[in-house]
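Single-structure report; data block below.
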Amino acid sequence: MKYRKLGDTDLSLSVITFGAWAAGGWMWGKTERKDAVEAIKAAYDLGVTSIDTAPIYGQGTSEEIVGEAIKGIQRDKLQILTKFGMRWDLAKGDFGFHSKDNNGKEIDIYKYAGKESIIKECEDSLKRLGTDYIDLYQIHWPDSTTPISETFEAVAKLIEQGKVRYAGVCNYSAAQMAEAEQSVKLASNQIPFSMVNRGIEEETVPYCIEHHKAILAYSPLERGLLTGKIKPGHQFQEGDHRASHPHFTPEFIERTDALLNKIRPIADAKGASLGQLVLRWTVERPGITIALAGARNAEQSVQNAKSMNIELNEEELKLINQSVDAF
Ligand SMILES: NC(=O)c1ccc[n+]([C@@H]2O[C@H](COP(=O)([O-])OP(=O)(O)OC[C@H]3O[C@@H](n4cnc5c(N)ncnc54)[C@H](OP(=O)(O)O)[C@@H]3O)[C@@H](O)[C@H]2O)c1
């Protein structure tokens, strides 16, 4: 495994960080709790010391699973990343969307990052995770109803109290990052990036490079699509959000498959899977610090962790980039 520092901070993360959204089941159909715990432990054994979760992932379930998986591991050998600002138990802030929880109960999700709410959310997360500090505490989505200064003054207070080590954002524009920076020093932005979703290269990547902010690339496997296993007509489990996601239409899947076929010979020559090649490429891109790779079981998390065992030379990177640019 390789490790990288987040910008100017002292926080070092494993380049493959375990993404625990699917582990919590919610929006991904069902995930077995036992499988999810094993996925995290097996990845840790291969050097994946950093785990990203959020309260909204399974409405507490993902954080509890992370808490269970890390029991017995020395706390300072791990980096725990979680989030705040998506409430399913409080109707305040920006309405996000309507959903069903893991038990089929209807829930309304709000993006809300008011001061009191953040302080409460942090206490709840610490309990579920079974720890007394969070390494990176990130706003999950912008909340237009709360001044950015109020949100990040609350995070600064949590840092002062030792409950949080560093502040981060997710899904923030460069302008929103600059505003948050007035209240607290930001370590990172967590934002979508994959071979078939490179919108951040226009504004976020240049801003983060210039201001020494880390980028945590989420959905680097494009939610499983870039493993090459999903074909048009794929039947997802009930409750899996991918069934209606625009990147899972037959046209998008076929276009992606054509790209994967172009780069497959490079993976084959290295005895690597397509997913491993994709992850390795992701962390070689300018400005990308970390790939947050989700997994439902140990087989997937082990394969993802081992992506860092392959090396790509300049010629190979050039060939892959040409195919990706032509997408
Ligand atoms: N801040 C945000 O707003 C935000 C948003 C999205 C994600 N994230 C973070 O980023 C993490 C990663 O993103 P993601 O989970 O959306 O997408 P991803 O990492 O691109 O894809 C994960 C999914 O791909 C499949 N997969 C993973 N490894 C595989 C392998 N080796 N072989 C075959 N299939 C494999 C699994 O689903 P199947 O087995 O069902 O195909 C898995 O759940 C999340 O867990 C979360 O921590 C953050």
note = Amide H contacts under 5 Å for Thr49, restricted to residues at least 5 apart in sequence or on another chain and with H modeled in the peptide plane, are Ser14
request  = Would you mind computing the Rg to Rh ratio of segment 125-228 from its alpha-carbon coordinates, Kirkwood style for Rh?
outcome  = 1.01
inquiry  = Using a 1.4 Å probe on the protein heavy atoms only, what accessible surface does Arg255 show? Give it in Å² to the nearest 10.
reply    = 120 Å²
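At most 14 other Cβ atoms within 10 Å and a DSSP loop assignment: could you name the GluC sites (Glu not before Pro) in segment 161-234 that fit?
Answer by residue number: Glu202, Glu203.
Quick check of the Kirkwood formula: for the chain, what is the inverse mean of 1/r over all pairs of different Cα atoms, in Å?
It is 20.0 Å.
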inquiry  = Let me cross-check Phe327: its accessible surface, 1.4 Å probe, with only protein heavy atoms counted, in Å² to the nearest 10?
reply    = 60 Å²
ask   = Which far-off residues, 5 or more places away or on another chain, put their amide H under 5 Å from the one on Ile134, with H placed in the peptide plane?
value = Val164, Arg165
message = Whole-Hz ³J(HN,Hα) for each residue in segment 292-304, computed from phi via Karplus 6.51 cos²θ - 1.76 cosθ + 1.60 with θ = phi - 60°, x for glycine and proline: what do you get?
response = 8, 9, x, 7, 9, 8, 5, 4, 5, 5, 5, 4, 5
ask   = segment 71-101 to segment 253-294: how many Å between their Cα centroids?
value = 29 Å
ask   = Taking H as built 1.01 Å from N, whose amide H comes closer than 5 Å to the amide H of Lys100, not counting residues under 5 places away?
value = Ile107
ask   = Under the Kirkwood approximation applied to all pairs of distinct alpha-carbon atoms, what is the hydrodynamic radius of segment 239-327 in Å?
value = 14.3 Å
ask   = So what's the back-of-envelope 222 nm ellipticity for the chain, counting only DSSP H runs of four-plus at -39500 (n - 2.57) apiece and dividing by all residues, rounded to 500?
value = -10500 deg cm²/dmol
remark   = Once phi for every residue in segment 169-186 is put through the Karplus expression 6.51 cos²θ - 1.76 cosθ + 1.60 (θ = phi - 60°), the whole-Hz ³J(HN,Hα) values, with Gly and Pro written as x, are 10, 10, 6, 9, 7, 4, 5, 5, 4, 4, 5, 4, 4, 5, 9, 7, 7, 8
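Report the full-extension gain for the segment Asp268 to Glu123: residue separation times 0.36 nm, less the Cα-Cα distance, to one decimal in nm.
Values: separation 145, 0.36 × 145 = 52.20 nm, distance 4.73 nm.
In short, 47.5 nm is gained.
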task = Kindly identify segment 24-151 as rounded, prolate or oblate by the Cα gyration tensor criterion: order the square roots of the eigenvalues as a ≥ b ≥ c, call it rounded if a/c is under 1.5, otherwise compare a/b with b/c, prolate if a/b is larger, else oblate.
result = oblate
key: Estimated distance in nm for a label pair at Lys318 and Lys229, the labels positioned 7 Å out from Cα along Cα-to-Cβ   = 3.5 nm
key: Relative contact order (%) - the chain, alpha-carbon pairs under 8 angstrom, separation at least six   = 21 percent
inquiry  = I'd like to know how segment 85-144 sits against the 2.2 N^0.38 Å rule of thumb: what's its Cα Rg over that expected value?
reply    = 1.19
task = Determine ³J(HN,Hα), in whole Hz, for all residues of segment 234-246 in sequence, where each value follows from phi through the Karplus function 6.51 cos²θ - 1.76 cosθ + 1.60 and θ = phi - 60°; x replaces Gly and Pro.
result = 3, 9, 8, 5, 4, x, 8, 5, 5, 4, 10, 7, x
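The values are calculated or read from the model by the stated rules, or taken from the named source; none is laboratory data. All of these numbers come straight from a predicted model, not from anything done at the bench. Cβ coordinates were reconstructed from backbone atoms using ideal geometry, including for glycine residues, and neighbour counts include every protein chain displayed. Side chains included, ligands, DNA and RNA excluded: accessible areas come from the protein's heavy atoms. Shrake-Rupley method; radii C 1.70, N 1.55, O 1.52, S 1.80 Å.
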